[in-house]
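Asker: What follows is a single structure, and I will ask about it in a moment.
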Amino acid sequence: MRFIVDPFLRWWLRSGRTGWSRFRRDLFERKYLEVPLPSVNSLENIEAALGRIKWQGDGPWYLFDCISYPQTTWVRKKDDCDGFASLAAELLSRWKPEYAPVLLTAGVWPIPASHTVCVFAADQGEMCFFDNATLRCESCHTYAEIVPKIAGGNRLICWDVKDPKTLKTIEFHRA
């Protein structure tokens, strides 16, 4: 099974999910782009806004996981970790663009345990991340130090870092 799952998950995380996300965004989510997002002026405000979102997996309707527009997550008030991360990144970018938020995904086995968070460089020089609606600032200075924290003890297959606006891959690593 591993010889099938590992290459599929690497392909999916590297390019499949991005293409699928862009396709689904263009087809189904464009109508949400003009929706105003909440105004924030602190990490606590962002955490509170994310706290208004309910975690819900994509389910079989969307076939595979994808990254929604932040406005889609805000309007629907529910999404999975990708939606939380996308919304957090957009709110951070609007409030403090110098934080340069990115989406960090750990592809793990079992696949449903794969996880995406919004990572940013905080004022203290450390990296912080929004793990769904929870802000976590731990002693991390690299993306690689955050990956085991979000992999949750599951077998890591690969991980990537994406630009939240373009979904362009910044880094990709095999385990």
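None of the figures in this text is laboratory data; all of them are computed from the coordinates on show. Since the structure is predicted, the reported quantities are computational estimates derived from the model, not experimental observations. Virtual Cβ from ideal backbone geometry, glycine too; neighbours counted across all protein chains shown.
Asker: Report, by chain and number, residues whose modeled amide H sits under 5 Å from the one on Ile157, excluding near sequence neighbours (fewer than 5 apart, same chain).
Answerer: Gly107, Val108, Trp109
Asker: Still on this model: Can you give me the three principal axis dimensions of the range 2-174 from its C-alpha atoms, in Å, biggest first?
Answerer: Extents along the principal axes: 47, 39, 25 Å.
Asker: Would you look at the GNM of the chain, springs on alpha carbons closer than 10 Å, and say which of Thr72, Thr134, Thr116 moves the most?
Answerer: Evaluated over the chain, the most mobile residue of the options is Thr134.
Asker: Spin-label point model (7 Å from Cα, Cβ direction): what's the Lys78 to Thr169 distance in nm?
Answerer: Going by the 7 Å Cα→Cβ label model, 3.2 nm.
Asker: Please report Trp55, Trp12, Trp20 as a ranked list, fewest other C-beta atoms within 10 angstrom at the top and most at the bottom.
Answerer: Numbers: Trp55 12, Trp12 20, Trp20 17.
Ascending Cβ contact count within 10 Å gives the list Trp55, Trp20, Trp12.
Asker: Continuing with the same structure: The range 73-146: Rg/Rh from Cα coordinates, Kirkwood Rh? Please list the in-between numbers first.
Answerer: Working: Rg = 12.3 Å, Rh = 12.6 Å.
Over the Cα atoms of the range 73-146, Rg/Rh equals 0.97.
Asker: Tally the DSSP beta bridges in the range 2-174 and give the antiparallel ones as a percent, rounded to 5. Working shown, then result.
Answerer: On the way: 25 of 27 bridges.
Taking every DSSP beta bridge within the range 2-174, about 95 percent pair in antiparallel fashion.
Asker: Now, a different point. What is the sum of charges, Lys and Arg at +1 and Asp and Glu at -1, for the other residues whose Cβ falls under 12 Å from the Cβ of Gly107? Could you put the intermediate results ahead of the total?
Answerer: Values: positive: Arg10, Arg14, Arg17, Arg155, Arg174; negative: Asp6, Asp65, Asp160.
For residues surrounding Gly107, the net value is +2.
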